[in-house]
Ligand SMILES: Cc1ncc(C[n+]2csc(CCOP(=O)(O)OP(=O)(O)O)c2C)c(N)n1
Ligand SMILES: Cc1ncc(C[n+]2csc(CCOP(=O)(O)OP(=O)(O)O)c2C)c(N)n1
Ligand SMILES: [Mg+2]
Ligand SMILES: [Mg+2]
C-alpha cells in the first residue's frame, strides 16, 4: 500500500468495492432494482452496467422477496451474488427469504449447504423521507442467527467490507447509512479488503466509552470533541459488525472507563443498544461506576418535518449532555 | 362473576374468546388460512364457521401479506377484523404490512386514521417442528412502535385479552404459544375481558425476581417451586404485554429482591430480555445486588431432534441453577 | 377480459365537464411546477414525485368516482388528492412540513391523507396500498355500502407479489375494487419490458378472471369514459375491474434522477401528446375555449397556488413536544 | 400456453421403465405407510406430511430429470428424495432425529437435503422454495451448465406472491425452471376454488408467457411423458415451463388433520384412481407383471424399509455439544 490517498465520497467507495469484486471474481454478480440502467438509487453502481454488462449487473423487477431468494439459490448454485435491496424499508418484503432460508440452510441441512450471499441495503433516517422510508433496522436484523450483519460507517469499510463479506461462506448483510453516501473523505489509494470481525476504536479516552455504529459514529466523534473541551475524554467505538458482536472491544474499554453510553439510531426498545447494555450488565457489572445509558431514536414512525425528524433522531447535544451527566458534570 | 370454574383447555379458552367477540360486536370478523372449514390449524376456531357463517369466518388463500393488509383496510373501513396468521413463522411474509402500514397509519396521517386491528398468531418451539416452524419472535415484534404486542400464557388471558384488544383503537398483535393449546386448567365461568396494560405477579418472593412471559411462565413457576424447596423464594412475573412494557412491575419487584433473572424463549442477542435488562440497568442499577442475568434460547435455527431442541430452549434446570448461583447458592 | 375499448380522441360532448377536466389537470400541472421550484428553493424536502404528464389519469379516474368512494394512491399522489377534493393549502403546507398540512407535516409529499374525502394515502411502499384497498372494499361490502375503492399504482408495482395476491383475493371474494394501473412505462429506471415478461398488462387480470381494459392515459376524455364504464360495472356486480392507463411521466422519477435510462427523443415524443395541450386544442377546435378564457383560468390557478404557498409560509411548525403524539391513539401509551 | 396435452391411459411402451415406476411408487407408498406407523409409535415426531396418492407426480417428474439437474421441493418430499436417489436409511434416520440422517437429524421430515443429488430441500414455508429454484437455474445458466431446476409446490402455494414473482422472473430472464404444481385440490383444508379465483392453473402461466400443460397426475406414464416433453423444451430453449399435475392426497394433510373439509366419498372416489393400483392393472393386462413378481417386489421393499428402520434404530443421536455447529460455517463464529 502506498501512503497516498484520494478524496472520494462514501458513494464512490461503495462503487469501488463493487467494481473490485466484479473484477476479481467472475462468480460475483450484482442484482437489484435499478442497479444497472439507473445506476443505483444512490448512484453507487453508476457505470458498472457498461463495464460488466447486463449478465453481471442485473436490473430486477420490483419483487424483493424473489430476487433475494434468487440470490440464495444462485449462491447455492456456485455463484457469489451481491443482492442490493434499495433500502432496509423494502427488505421487510424479503424477510421470509432472509430468516427462513438464508439464515437456516446451513444448520437445517446439517452442514450440507452454505449460502455465500451478500445482501446490501441502505439504512437510516435524516433525509426527511418520513415513516415508511426512514427505518434503522440493522440492529434488529442482528437478532437472527445464521447471518452476519455489518454496518459500514467509514470510507475504508464501505470500500473494503464487501470483498471480505464475499469471501465469507455464509450470508452477510451489509447496511450502508444512506445519509453517508455524499460524505467526502480521504481514502488510501491501495485501500482494499478489511477485517469484518472486529470493532474499531476511533478515539481513545479514559473517562467514558461511547459505543456506536453507522452514521451515529460521526455524532459520537463530534460529541467527544466537545466533551474533550470540557475535560472529559471519551473513547469512541464503532462496532462495525453487529452480528456477531465484538463484545471484547467494548468490555475491555468499559473495564478502563467504567462508564458506557450507547448511541444507536434504532428505536430504543429492543434495539441493539439494549443487547450491548445487557452484555455489559452480565460481563462488566462490577466495573461500572454508573449505569450504562442509551441514546436511541424516539419510538415513533419517523415524521417528515425536519424539526420533528431531528427531535426523533439521536443528536450530538444529547450525547454531550448525557455523557457529562454520567461523568458527574453538569 | 360466580365463583364456579370449569376445566377447559387453552385452545377452548381462545375459542371462547373468539366466539364471544363475534357475538358481541357485529363489526368483528375472523379471517385467515383455514380458520373456517378446517377449524383452525390448532382447532381454535372449530365450530365458528357453522355458528357465524362464511362472511364472518373467512378462509383466505395462502397470501399472508395481502390478507393482513386487507385486515388493515377493513379496520380503516369501520370493521373490527381479527386476522389470524397461523404461526409467527409465516408472519414474516406480512411484515411490510405490519410495520409500514398498520404501525404507521395513525402517526403518518397526523392522527387522521387509526387501525383497530387484531392480529393473532401462534408462536414458539417445543414441538420438534425444526428451523422454519419454531420461531419465538414476539419479543422482536415488540421493537415496533405503533403496535401493541401481547402474549397470552394463561387461560384467563387466552380467553380475555382478545376482547380488550378489540376495544383498542390501534393494532394489537396477540401471540399464543402453540405448546399451550393443549394445556388444561380451571377457568371461571364468568371469565371475560382482562386488562392488557399490566404485568401479573404469579408468585411472590423476596429473594429473586423471575421475569418472563408466554410458555416460559410455567418453567419459571416450576423452577420457583424447586427453589423454594432450597429456601430461595422467587417472585415470578408474567409480562403479558411486551409492548408497551409494564416496567413498573419488574422495577418494583427488583427494588425488593435486588436480583433479577429474565427467561425468554427468543434468541438471546437482541431479545426482549436484553431490553428488560437494559431498563433495570437504567432505572434500578443501584438496587442490584448481582448483575441481571438472562436465560434465552440458544442462537441456532431450531433443530428437529428432540434432545437438540431441548438443549436449545430454556429449561427449568438451568433456571434453578442460575437462580441459585445468583443468590449465592451452589 | 372485457371487450370494450375506449377509443382515443372522442369528440368532446360536454362543455362544462371538459372545462372542468382542463381546470383540474392544469391545477395539478401548475401546482407541481411550483412544487419543483420550491424544492429547489429547499422549502420542500424529502422525496417529491411529480405527476406531470400523467394528469389525465388521476383526473379521469377521480371524476368517475362518487364522493363517498375510497381511494388509495402511491407516493405520486398530489393530483389524486387535489381531484378528490383536498385543497392546495393543506397539500402545500404538508410539503412544507407545517402543522396546518393535511397530516400536520408528519407525512410530506408521499403521504397525503384525507378522512373527509376518503383518501387513505399516499403509500410509499410500492404495492403496499393494494391489500389495504382490498380490505376497504371488503369493509364497504360487508357493511352493505355500495361503494367503490379505487386503487392506483404504477406498472412497476405489478411485479410485486402483493399485486397478484390482491387481485386474486378481490376476484375470489368479489370485492368492488377499481384497480388502476398508471402505466408510465418506467419504474424509476426500469422499463416495462425489463420488469414484466408479458407487457400486455391486461393479461395479468385475465389470470384472475378480472375484467380489464386498457386506455390511452394521455386522453382525459377516454380515461373518464373508461373509468365510468368500469365503475358502473363494479357497482352493478361488486366484482373488481382492472383499468390500465397508458401514460408517461415527463419529469424525472423524483428530484434525484439523472434519467440515464431513456432518451430525450422518447420523452419529447410523449410530450407531443401532453394531455393538457391536446385537450386545449380540442376545446379550441370546438370553440369552447379562447385565449382569453385560458389566460383567465391560468390566472385563477396561479392565484390559488400563491395563496397556498402563502398559507404554507405563514403556518406554524408543530411543536416538538407533540412528537410522540399519535404513535397510539391513547396519549397515555408510550 | 402450449397446445400439447398428455393423453391419459397411454399404452405402456417400455416394460423395464414401467416396472421401475411401479417400484418407485411402491417404495414411497410403503415407506410412508411405515412412517405413519412409526409416527403413532412416537418414533417420528414434528410434522409428517404424507405423499400417499400423489406418488405418480414425484416419480414421473424425477424420472424426466438428469442426475445433475436440481430439485427444490416442499415439506411433502419423502417421495422426491427417494426418486432423486436418497436412500431410505438416510431419510428414516433423519425422521428419527438421528445423526446418521441426511441432515444429522437437524431437519426432520420437512427438510430433506442431499448435496450429491442436488436436492435443495425440503422447504416448510409455502412458496419459499420458488425463488431459490429461480436462483439455482440462474446459477446454472450463468455458468454455462445446460441443467434444469425442478421446483415442486402445491396449488395452495400459487396464491402466494412469491409464485407470481418467481414465474415472472424466470420468464423474464429466460431461466430453465420446471415449475411443477402438485395440484391435490386442497391446501390443508382450503379447496382450490376457495383459494384461486381462476381454477384453471395453466392460465396463471399464460400471464407470464410461460408454456404450460396440465396432466393427469394419477397416471405416472402420462406424467413422465409430459415431464419429458417439458424438460426437453426447457433444455432446448432455457425458458421455464409450467406443469400442472392433477392429483390427490389420500391421507390427511398432516398427522393432526380431522379432515372436516372434504367428504369420505370424495376421497374414496379418488382412491379408485390410485396411481399404483392402476399401473399394476395395466402391467398385468399387458402381461408384464404377475402376482408372484408383485409379491417379490413388495417383499424387497419391505426388506428395504426394515433395514432402514433398523438403521435408524441403531443409529446414534448427535451429541448435544454440537448444537451450535453449522450456525456458521466457521466453527469459531457464534
Ligand atoms: C417495495 C418497494 N421497493 C422499492 C421502492 C423504491 N421505489 C420507489 S418508486 C419505485 C418505482 C415504482 O414504479 P411504478 O410502480 O411504475 O410507479 P411510478 O413511480 O412509475 O409511478 C421504486 C422502485 C419502494 N418504494 N418500495
Ligand atoms: C407461508 C406459509 N403459510 C402457511 C403455512 C402452513 N401450511 C403448511 S402446508 C399448507 C397448505 C399448503 O397447500 P399446498 O400448497 O396445496 O400443498 P399441499 O400441502 O397440498 O401439498 C399450509 C397452509 C406454511 N407452511 N407456510
Ligand atoms: Mg411506472
Ligand atoms: Mg395442495
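The values are calculated or read from the model by the stated rules, or taken from the named source; none is laboratory data. Remember, predicted model here, so these are calculated numbers, not experimental data. A quick note on method: Cβ atoms are made from the backbone with ideal geometry, for glycine too, and the neighbour counts reach across all protein chains shown.
Table: residues versus (1) at positive phi; (2) more than 16 Å from ligand 1 (Cβ to nearest atom); (3) in the same structural domain as residue A:132 (by TED's automatic domain parsing); (4) surrounded by fewer than 24 Cβ atoms within 10 Å (Cβ to Cβ).
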residue	(1), (2), (3), (4)
A:48	no, yes, yes, yes
A:67	no, no, yes, no
A:73	no, yes, yes, no
A:112	no, yes, yes, yes
Residues satisfying the stated conditions in region D:261-298, i.e. within 16 Å of ligand 4 (Cβ to nearest atom) and within 14 Å of chain B (Cβ to nearest Cβ) = D:261, D:262, D:266
Can you name every residue in region D:114-124 that is at the interface with chain A (Cβ under 7 Å from one of its Cβ atoms) and buried (at least 24 other Cβ atoms within 10 Å of the Cβ)?
-> D:120
Identify all residues within region D:163-194 that are in a helix (DSSP H, G or I), crowded, with 24+ Cβ neighbours inside 10 Å and within 9 Å of ligand 2 (Cβ to nearest atom); write none if there are none.
-> none
Single unsatisfied condition, residue C:74 versus (1) away from chain A (no Cβ under 14 Å); (2) within 9 Å of the chain's Cα centre (by Cα) | (1)
Flag if residue C:67 is touching a helix residue (DSSP H, G or I) at 6+ places or on another chain (Cβ under 9 Å) and within 9 Å of chain B (Cβ to nearest Cβ) = no
Region A:126-143 - residue that is out of contact with any strand residue (DSSP E or B) (no Cβ under 8 Å at 6 or more places or on another chain) and within 9 Å of another protein chain (Cβ to nearest Cβ) and, of those, nearest to ligand 4 (Cβ to nearest atom) = A:131
When you look at residue B:36, is it crowded, with 24+ Cβ neighbours inside 10 Å and more than 9 Å from chain C (Cβ to nearest Cβ), yes or no?
-> yes
Could you please give the count of residues in region A:271-303 that are in a loop (DSSP other than H, G, I, E, B), within 14 Å of chain C (Cβ to nearest Cβ) and touching a helix residue (DSSP H, G or I) at 6+ places or on another chain (Cβ under 8 Å)?
-> 5
Residue A:44: more than 8 Å from every other protein chain (Cβ to nearest Cβ) and either within 16 Å of ligand 3 (Cβ to nearest atom) or assigned to a helix (DSSP H, G or I) (or both), yes or no?
-> no
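For (1) within 14 Å of ligand 1 (Cβ to nearest atom); (2) in the same structural domain as residue A:65 (by TED's automatic domain parsing); (3) modelled with pLDDT under 95; (4) out of contact with any helix residue (DSSP H, G or I) (no Cβ under 6 Å at 6 or more places or on another chain), each residue gets a yes or a no:
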| position | (1), (2), (3), (4) |
| --- | --- |
| A:95 | yes, yes, no, no |
| A:103 | no, yes, no, yes |
| A:107 | no, yes, no, yes |
| A:117 | no, yes, no, no |
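One line per residue, one yes/no per condition, for (1) surrounded by fewer than 24 Cβ atoms within 10 Å (Cβ to Cβ); (2) part of a loop (DSSP other than H, G, I, E, B); (3) out of contact with any strand residue (DSSP E or B) (no Cβ under 7 Å at 6 or more places or on another chain):
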residue: C:72; (1), (2), (3): no, no, no
residue: C:81; (1), (2), (3): no, no, no
residue: C:90; (1), (2), (3): yes, no, yes
residue: C:98; (1), (2), (3): yes, yes, yes
residue: C:104; (1), (2), (3): no, yes, yes
residue: C:133; (1), (2), (3): no, no, no
residue: C:137; (1), (2), (3): no, no, no
If we scan region B:309-323, do we find a residue that is free of Cβ contacts under 8 Å to residues at least 60 places away in the same chain and within 30 Å of residue D:113 (Cα to Cα)?
-> yes
Filtered residues of region D:205-227 (kept if assigned to a helix (DSSP H, G or I) and either closer than 21 Å to residue D:25 by Cα or within 15 Å of ligand 4 (Cβ to nearest atom) (or both)) | D:220, D:221, D:222, D:223, D:224, D:225, D:226, D:227
Report yes if some residue within region C:179-194 is within 30 Å of residue C:269 (Cα to Cα), in contact with a strand residue (DSSP E or B) (Cβ under 8 Å, 6 or more places away or on another chain) and away from ligand 3 (no atom under 13 Å from the Cβ); otherwise report no.
-> yes
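Conditions tested, residue by residue: (1) assigned to a strand (DSSP E or B); (2) assigned by TED's automatic domain parsing to the domain that holds residue B:277; (3) out of contact with any helix residue (DSSP H, G or I) (no Cβ under 7 Å at 6 or more places or on another chain); (4) at pLDDT 95 or above.
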| residue | (1), (2), (3), (4) |
| --- | --- |
| B:211 | yes, yes, no, yes |
| B:219 | no, yes, no, yes |
| B:227 | no, yes, no, yes |
| B:232 | no, yes, no, yes |
| B:235 | yes, yes, no, yes |
| B:249 | no, yes, yes, yes |
| B:252 | no, yes, yes, yes |
Kindly check whether there is at least one residue in region B:6-20 that is within 21 Å of residue C:173 (Cβ to Cβ) and touching a strand residue (DSSP E or B) at 6+ places or on another chain (Cβ under 7 Å).
-> yes
Considering each of D:189, D:209 in turn, give the residue that is over 18 Å from residue C:195 (Cα atoms), at the interface with another protein chain (Cβ under 9 Å from one of its Cβ atoms) and away from ligand 1 (no atom under 16 Å from the Cβ).
-> D:189
Any chance you could count how many residues in region C:232-247 are surrounded by 22 or more Cβ atoms within 10 Å (Cβ to Cβ) and within 19 Å of the chain's Cα centre (by Cα)?
-> 7
Inside region A:92-125, can you point out the residues that are under 20 Å from the mean Cα position of the chain (by Cα), more than 7 Å from every other protein chain (Cβ to nearest Cβ) and within 27 Å of residue B:272 (Cα to Cα)?
-> A:94, A:98, A:102, A:119, A:120, A:121, A:122, A:123, A:124, A:125
How many residues does region C:252-262 hold that are surrounded by fewer than 21 Cβ atoms within 10 Å (Cβ to Cβ) and within 11 Å of ligand 1 (Cβ to nearest atom)?
-> 3
Considering every residue within region B:304-318, establish whether at least one is part of a loop (DSSP other than H, G, I, E, B), more than 14 Å from chain D (Cβ to nearest Cβ) and out of contact with any helix residue (DSSP H, G or I) (no Cβ under 8 Å at 6 or more places or on another chain).
-> no
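The rows are residues; the columns are (1) within 23 Å of residue B:245 (Cα to Cα); (2) surrounded by fewer than 20 Cβ atoms within 10 Å (Cβ to Cβ); (3) touching a strand residue (DSSP E or B) at 6+ places or on another chain (Cβ under 6 Å).
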residue	(1), (2), (3)
B:274	yes, no, no
B:283	yes, yes, no
B:288	yes, yes, no
B:304	no, no, no
B:309	no, no, no
Going through region A:62-83 in order, the residues found to be in contact with a strand residue (DSSP E or B) (Cβ under 7 Å, 6 or more places away or on another chain) and within 9 Å of another protein chain (Cβ to nearest Cβ) are A:62, A:64, A:67, A:68, A:71, A:74, A:75, A:76, A:79, A:81
